Every structure is written in structure tokens, then in C-alpha cells.
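One structure below.
The values are calculated or read from the model by the stated rules, or taken from the named source; none is laboratory data. In this text, all values refer to a predicted model and were calculated from it rather than measured experimentally. Virtual Cβ from ideal backbone geometry, glycine too; neighbours counted across all protein chains shown.
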Amino acid sequence: MERTVAETIRDISREHIAKHNGILLGQCLTAVGWVQNTVPAQAEGIVELPMTDVSGAGIAVGAAIMGRRPIFIIRFQSLLWLNASPIVNHAAKAKSVFGYPAPVFVRAIGSEGDSTGPIHTNCFHSLFMHMPGLPVCAPMTPNEYVQIWNWYMTHDDPLLVSEHRRSYTSRQEMPDQVHHDAHITIYAMSAARFNAVEAVEVLGHRGVRCNLVHLLWLKPFDLTQRVMEPLKASGHGIVVDSAYEIAGASQSVAYELMYATGCPVKAVGQADRSPGVAKRLENGTPTTMRIVDTVEMMLRDV
Amino acid sequence: MSIERGIAQGPQQPRMVRSPDWGMMEGLAEACSPERSLAMFRKMCLTRYFDLRVRQAQLDNDIECLIYLSVGQEAVAAAVAVVMEGCYVLGQHRGHSVYLSFGGRPERLADELLGMSTGCCGGMGGSPPSHDFERKIVAHNGLIGDQVPVAAGIALAAPGERVICFFGDGAAEEDYVLATLGFVATKKLPLLFVCEDNDLSVLTPTVERRNWSVVDVAQGFGLNAVDITDDPWLIEYWTTTLADQLPAIINIRTCREFWHNGTGSDNNAEWSRFDLTKAKLTEIGLRDKARAIELEIKTFVEDLWNERLQRRSAI
Ligand SMILES: Cc1ncc(C[n+]2csc(CCOP(=O)(O)OP(=O)(O)O)c2C)c(N)n1
Ligand SMILES: [Mg+2]
């Protein structure tokens, strides 16, 4: 049987420690469930950080400078606001400004629902896309994880890996869906990909044929043929993402696509309000129905 | 009694030892007025029975949000609160005890946990940000220790106000907490810090995280500091003493009875301060009065929750 995403991360980490003198740093790693089973249950190579949410990232960056290729785990992306400075101001600038590399692999875990509320309903990869020198990706499948890990190990850049808890138990690969007669192309990132897959099905039943293009890399965002052709053929696009829409990954990608093709492309991300804990106040990844509604609205306007 | 700046009271070594009589002093309960002893116990009962009811409500699926219970740690906020009335208060995510002990309105907390718009955050925040700003209880945003610099800002900006700031032994490690201790010492702000030291950050014990003590570090910055167990009379004594020597910090060894969040328990609490307190109240001749208070609070809490649940089902 194929591995889950969590198992894949754990295997990669174990091998990294065993074969490459790698280390893994983070808070409360060993005590509760080994970070949703993504961390190998072992003492070797694992550094328990104190609850230092600013210096923790700096420690990881220092280890990166020394060539240990650290995996730095941030259990909730909301903590990125605190951990950001060493990542963006040292690791991201190291090559271009200081002339040496600081390749730290930042595992930033997104989550939502289950009353995570205003604190830990989080997906904040967009703000890191802002900074030069820091590639950003959001792997949601086992193979994608292997792919980005191999990329990291063969480059000397830091990497911001926007994970999502929703992916951890998944064993599925998520291939693009492209049809010659599609009405619209949906670009999906992060956990929004799971909802986008469902939305495509719902829309199919309603007679709307959709292309679905999965985006693993948020930055750099390459306008390859694979990305551009479905949009050009269908004439309309939407970009869906788990993070906030305004000044977020979805708007950024939508802009690139629109400018390159001249086709209208709408961004759909987390709505511009704080999420609450009560079910009626939640605000996370655009739901399947929100994606469906947006597509129908766009096509109605045609 | 006044203490010399920088000299910690209580046993000095080893720092990581935890016990129900860490730093204990003889005769404090006997010397305390019965009214004050019972006032502390009343607050302890309120936190305990309120939070046990919260736990039940989650088991009954009446509460969906994450809950962080203060059960086991009741004495800390209760004893500080009887001394420090009328101060600005900042707690952390495990803050029901602070909220209730400092006079936060119980029905607003119940409503918040029930996801109602009449809750203290209108159903947005759930357990961690429980606050009652009109009563000077400030909200916590869920990031551990984040309340510590905010408390310093409040003290800085409101001369004449005393401020109390609670945080956990895990939060003590946050960069911005340590930096704030230094700032507060430098500016001599009238702030009392209380570290609720349950020896756990989620499930990671202190020894796996650090080898320094909060009190040593605070003293290094020039704060008055003591490291004690969670006996209410001992806390009351040190709060009273240090209230005139701010800024100061009290590190209080205490035991969490339930899981980090939710309703589960590993039965790992090293002592039950609630039981020890009742035994002491009996010893000093307050058994019957204490029993009456316990019963009164139990009934109050039960009635309150029934009423709030009825209100919710009527919506
Ligand atoms: C800045 C920040 N880092 C990490 C977390 C995750 N977290 C939530 S509660 C907690 C434990 C904090 O321990 P402590 O301060 O001792 O409080 P306790 O839960 O023991 O009352 C952690 C690490 C967080 N909420 N905020
Ligand atoms: Mg703790």
C-alpha cells in the first residue's frame, strides 16, 4: 500500500538523520503524537527547542549555515508571525547578501476547523512569498513531498514548506484534469486542492466542465505550458487557496495568469475576517460550495 | 517583612524539585483571618466546580470548542486575587481560574464556551481569550506569553495602576517574556508576575526544555522573586509581601489534573491542593463553613449552567 503523506515525511526525516547527519528542531516534538506522526519516534537527531518562538528559528538558521540541513518544524502556521524574522532576514538573504547559503527546511503546518478559531486557523504562506530568496511550496501528496525534498537536497536555498494537516492521512496523488472543451480552469493550492477536486465533480453534474491544475510551487510560479494552455483554451480561470485572499497567493497567481493570457481569472481565498471558534463563525479554506458558486457566477457573467 | 532585592526565599536547590510544601512556612493558615481563608477557598471552589462543569459540558457535546481547564491549579489565582483587588489582570490560555477569581462574570464565560453571541468574545474566541475588560481582565490571544509584554505596556501607560500578569512555565521560555522581565525591572513598573508552573508545556516536562529557573533569571534582571508551592496561604503571604515591592515575580509549583486541553486525564497530578486545603481548613476549625461554601458554589454553578443551556436551546 502507498504511504500516507505523514509516513512519507517521517521516512524522509528518519533517513535524513541517519544518512546525512541531518537534524530536526521544534517544540514539543516528542511528547504528543510525534507531530501527527510526521516525526520519527526516536531521540537521535531530534532537538527539543524550548518555547522560544523567535530565537527557535534563529537556532535552526544557525544549524543551516553549518551545513546540517535542519528540518525546522512549526506546529502551527500562526507561529510563523513570530518565527519569521530569522527565516526571512537571515536565511532568505544569506546567499544574495552574505554570500553563503543557509538552507533550512521549514515545515510550517496549516490547520483549520475543530475549533482552532482565531489562533490556530492558519495558512500564512503568502507572506513568505513576498520575500526574495525563499522558495515556497505546498505539497499535499506523498510524491509531491518526495519531489520537494529532493529539490531541497539538491539546492542550497531555504525552503518554506506550507503543509496542511488535512493532507497527512492522504495516500492519493492528485493529477491535473484537462479537457479540450472545458468551460473554465481551476488552479488550486494547499488544502483548497481537496475542495477543488470535489467542486469539479459537483460542477460536472451541473453541466460545467472544468480543468483542474494543481499548483505545488507557489514561488517561483512558472508560467509553463502545462499551466497556461488550459486557461487559454477554456478562457476563464479561478485560483483557490487556503490562505487569505487579499494580497495572498491566490491573488498573486491570478494576476500572473491574467496578465500573461488576458483571460479573466478570479482569486478565491480565505475571507477577510478573523475566524471564530463557534462553528457559525469559522473561516478557513474556501469550501467546495464556495468554489462552485464562484465558478457559476463567473460563467454567468460571460 | 521586606525582602532584600534579588534574594530568593525558600529552598535554593535543586530548582527542579516539585513538592506540595516547597517553600512552606509554618503558621500562615493559623495567622490568616478566617474571612480571608474562606474567601480564598470560595474562589478555589468557583474555579474547580465551574471547570468540572465545563468538562461535563464537553463530554455532553454541549461545548465544541477546545477547552483548557484550570482544575488542580485553582489556588494560584484564588490566593493572588484576594490580595490584589482592582488591578489590571492578564492571564494565559488556561485562564478560567484567573477570569473567575478576579471577578469575571461567569455567565459570559459559559456563553462563550457555548458559542453564544452573549459570550465574552461573542463566540469568536472560546476558552483561551476569556476576558472581562470592564472588570480589568484583559484577553489572551492564544500565543503563549504574548500577554507579558502587553502587561508591561499597560503598566507603563497607566501610572497608578497595578498590573498582574500570569503565564505558564512554558511561556516563560519565550524570548519576548524574558525581554519584558528586563524591561519591567529597568523601568521599575508596578507589575506582579505569577508563573503558574505545572512543569508542563503541553506534555513536555521542564527538564526536557531548559535547565534554568524563572526565579534565577528574574533575579538576574533585578526583580524580587520567590519560588513556592501552591499552598493558598503561602501564596497569599508572598503576594501581600511583594505587593509593596513591585516589580516582582512568584513562581508557583502547581499540578494540572486534566490534559493540556480537552477532558482527559492521566492521573499524573503529584498532589491535590484542593484536598490539602480542605484538610487545612478543618485543622484551623473552619470545616463546617468551608463545607457550606463548597455546597453553595456547587449549586450556584449547576444552576448557572442549566440556565445558560436553556437559554441556548431557546435561541
Ligand atoms: C507562541 C506560541 N508558541 C507555541 C504555542 C503552542 N502551545 C499552546 S499551549 C502551549 C503550552 C504552554 O505551556 P505553559 O505556558 O506552561 O502553559 P500551560 O498549558 O501549562 O498552562 C504551547 C506550546 C502557542 N500557543 N503559542
Ligand atoms: Mg505549563
Answer residue from region A:71-116, given it is over 26 Å from A:Arg14 (Cα atoms) and either within 12 Å of ligand 1 (Cβ to nearest atom) or of a type in the set (Val, Ile, Thr) (or both) and is farthest from the other protein chains (Cβ to nearest Cβ) among those: A:Val97
Residue in region A:17-34 that is among the polar types (S, T, N, Q), in a helix (DSSP H, G or I), touching a residue at least 24 places away in the same chain (Cβ under 8 Å) and more than 8 Å from chain B (Cβ to nearest Cβ) present: no
Within region A:106-154, helices (runs of 4 or more DSSP H) holding 2 or more residues that are at pLDDT 95 or above: A:125-129, A:142-153
Qualifying position, being at pLDDT 95 or above and either under 23 Å from B:Ile144 (Cβ atoms) or not assigned by TED's automatic domain parsing to the domain that holds A:Pro135 (or both), among A:Gly26, A:Gly22, A:Gly33, A:Gly58: A:Gly26
Restricting region B:136-173 to residues that are within 14 Å of ligand 1 (Cβ to nearest atom) and in a helix (DSSP H, G or I), the residue that is nearest to the other protein chains (Cβ to nearest Cβ): B:Glu173
A:Arg68 vs. criteria in a helix (DSSP H, G or I) and either farther than 19 Å from A:Leu160 by Cα or more than 9 Å from chain B (Cβ to nearest Cβ) (or both): no
Enumeration of residues in region A:168-214 that are farther than 13 Å from A:Met140 by Cβ and β-branched (Val, Ile, Thr): A:Val178, A:Ile184, A:Thr185, A:Ile186, A:Val200, A:Val202, A:Val208, A:Val213
Residue in region B:235-246 that is within 16 Å of ligand 2 (Cβ to nearest atom), assigned to a loop (DSSP other than H, G, I, E, B) and over 16 Å from the mean Cα position of the chain (by Cα) present: no
Candidates B:Asp227, B:Asp169, B:Asp199, filtered to the one that is at pLDDT 95 or above, surrounded by fewer than 24 Cβ atoms within 10 Å (Cβ to Cβ) and within 16 Å of ligand 2 (Cβ to nearest atom): B:Asp199
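Table: residues versus (1) without any contact (Cβ under 8 Å) to a residue 24 or more places away in the chain; (2) farther than 18 Å from B:Val226 by Cβ; (3) assigned to a loop (DSSP other than H, G, I, E, B).
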residue: B:Arg18; (1), (2), (3): no, no, yes
residue: B:Asp21; (1), (2), (3): no, no, yes
residue: B:Met24; (1), (2), (3): no, no, yes
residue: B:Glu35; (1), (2), (3): yes, yes, no
residue: B:Phe50; (1), (2), (3): no, yes, no
residue: B:Gln58; (1), (2), (3): no, yes, no
Any pair with Cβ under 8 angstrom, 6 or more apart, that starts in region A:74-101 at a residue that is assigned by TED's automatic domain parsing to the domain that holds A:Val35 and ends at one that is polar (S, T, N, Q) and within 16 Å of ligand 2 (Cβ to nearest atom): A:Arg75/A:Gln27
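Check whether at least one residue in region A:269-284 is farther than 30 Å from B:Gln58 by Cβ and of a type in the set (Lys, Arg), and report yes or no.
Start the filter on region A:269-284 by keeping residues that are farther than 30 Å from B:Gln58 by Cβ, which leaves A:269, A:272.
Filter again for of a type in the set (Lys, Arg), leaving none.
Checked against the condition, which is being farther than 30 Å from B:Gln58 by Cβ and of a type in the set (Lys, Arg), region A:269-284 yields no hits at all.
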Unique residue being in contact with an Asp or Glu (Cβ under 8 Å, 6 or more places away or on another chain), among the charged types (D, E, K, R) and either over 29 Å from B:Val177 (Cα atoms) or part of a loop (DSSP other than H, G, I, E, B) (or both) when the list is A:Arg14, A:Arg3: A:Arg3
Region A:51-65, residues that are among the hydrophobic types (A, V, I, L, M, F, W, C) and farther than 12 Å from A:Ile87 by Cβ: A:Met51, A:Ala63, A:Ile65
Qualifying positions in region B:50-85 - within 16 Å of B:Leu304 (Cα to Cα) and buried (at least 22 other Cβ atoms within 10 Å of the Cβ): B:Phe50, B:Asp51, B:Val54, B:Ile63
Region B:204-219, residues that are within 9 Å of ligand 1 (Cβ to nearest atom) and not in a strand (DSSP E or B): B:Thr206
Residue within region B:174-183 that is touching a residue at least 40 places away in the same chain (Cβ under 8 Å), closer than 30 Å to B:Asp216 by Cβ and more than 10 Å from chain A (Cβ to nearest Cβ) present: yes
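Yes or no: B:Val202 without any contact (Cβ under 8 Å) to a residue 60 or more places away in the chain, within 14 Å of another protein chain (Cβ to nearest Cβ) and closer than 21 Å to B:Ala79 by Cβ? So that I can check it myself, show each step before the final result.
On the way: without any contact (Cβ under 8 Å) to a residue 60 or more places away in the chain: yes; within 14 Å of another protein chain (Cβ to nearest Cβ): yes; closer than 21 Å to B:Ala79 by Cβ: no.
In short, no.
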Residue that is nearest to A:Asn143 (Cα to Cα) [pool: residues in region A:35-62 that are of a type in the set (A, V, I, L, M, F, W, C) and part of a helix (DSSP H, G or I)]: A:Val35
